Amino acid sequence: MLEENGIHTHYIETLNETDMRAKKVTILPLEVIIRNISAGSFAKRYGVEEGIEFKEPTFELSYKNDDLGDPLMNEDHAVALGLVTREQYDEIKKTTLKINELLKDFFHGIGVTLVDFKIEFGTDKDGNILLADEISPDTCRLWDEKTKEKLDKDIFRRDLGNLTEGYQKVLDRIRG
Ligand code: TMP
């Protein structure tokens with residue numbers, strides 16, 4: 001769906017239930033996060049409740065480094081460390097905001113609110129930036145539009161019930 005809407009991704013094809021073929025990329029060590037509604041570490045960091053709908057999405061980067069606990073990172077720091085060029089940063093931000101609009105519409109179509117999500121990008125051998133890794137309930141916050149029921153990994157993180165059932169609900173709605 002993203003490719004059909006002009007987003008360049010590493011995805012080639014699905015092979016079976018558990019495997020897909022993807023273009024080879026070098027992953028950039030950045031977690032790229034969009035927030036449409038306050039939740040998770042945002043709510044904790046700023047001492048606000050979850051569920052505040054933002055007028056505009058927020059764009060955020062973390063440095064992917066487990067030893068350092070994936071610290072927040074701004075544009076200048078990513079450029080200073082040579083992780084991306086200024087042009088690559090601009091492209092990543094523009095692409096990510098577009099992905100957000102596409103995903104928000106997609107999930108709205110199945111009665112789900114896209115609260116926030118994390119994506120990753122990689123570069124191919126020609127230096128093109130491609131959306132890579134995954135988009136799943138592990139990497140998005142998804143709330144039922146009507147009931148606000150959590151349908152994502154927060155079920156596990158917060159011990160709210162059966163994770164598989166939550167993910168299955170999302171899959172069932174996607175499959176119609
Ligand atoms: P956060 O509120 O914990 O910072 O998470 C923001 C979004 O990023 C949320 O949808 C979950 C996702 N995420 C990951 O996919 N991997 C991670 O390691 C973290 C910290 C968050």
Failed item in (1) out of contact with any helix residue (DSSP H, G or I) (no Cβ under 9 Å at 6 or more places or on another chain); (2) within 16 Å of the ligand (Cβ to nearest atom), with ARG157 passing the rest:
(1)
Which of the strands (runs of 3 or more DSSP E) found entirely inside region 2-89 contain at least 1 residues meeting this: exposed (fewer than 10 other Cβ atoms within 10 Å of the Cβ), among the basic types (Lys, Arg) and over 15 Å from the mean Cα position of the chain (by Cα)?
53-63
Right, ILE174: assigned to a helix (DSSP H, G or I) and not aromatic (Phe, Trp, Tyr) or not?
yes
Can you tell which of ARG157, ARG173, ARG141 is at pLDDT 95 or above and loosely packed, with under 13 Cβ neighbours inside 10 Å?
ARG157
Quick one: which residue in GLU53, GLU13 is under 30 Å from ASP144 (Cβ atoms) and away from the ligand (no atom under 13 Å from the Cβ)?
GLU53
Scan region 127-154 residue by residue and report those that are more than 10 Å from the ligand (Cβ to nearest atom), in a loop (DSSP other than H, G, I, E, B) and either of a type in the set (A, V, I, L, M, F, W, C) or closer than 20 Å to LEU2 by Cβ (or both).
ASN128, LEU151
Contacts under 9 angstrom Cβ, first residue in region 115-130 being at pLDDT 95 or above and of a type in the set (Ser, Thr, Tyr), partner more than 16 Å from the ligand (Cβ to nearest atom) and assigned to a loop (DSSP other than H, G, I, E, B), 6 or more apart:
THR123/VAL25
Yes or no: region 80-98 includes at least one residue that is out of contact with any Asp or Glu (no Cβ under 6 Å at 6 or more places or on another chain), closer than 30 Å to GLU17 by Cβ and within 12 Å of the ligand (Cβ to nearest atom).
no
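The values are calculated or read from the model by the stated rules, or taken from the named source; none is laboratory data. Model, not experiment: these values are computed from the prediction. Here the Cβ is made from the backbone with ideal geometry for all residues, glycine too, and neighbour counts use every protein chain on show.
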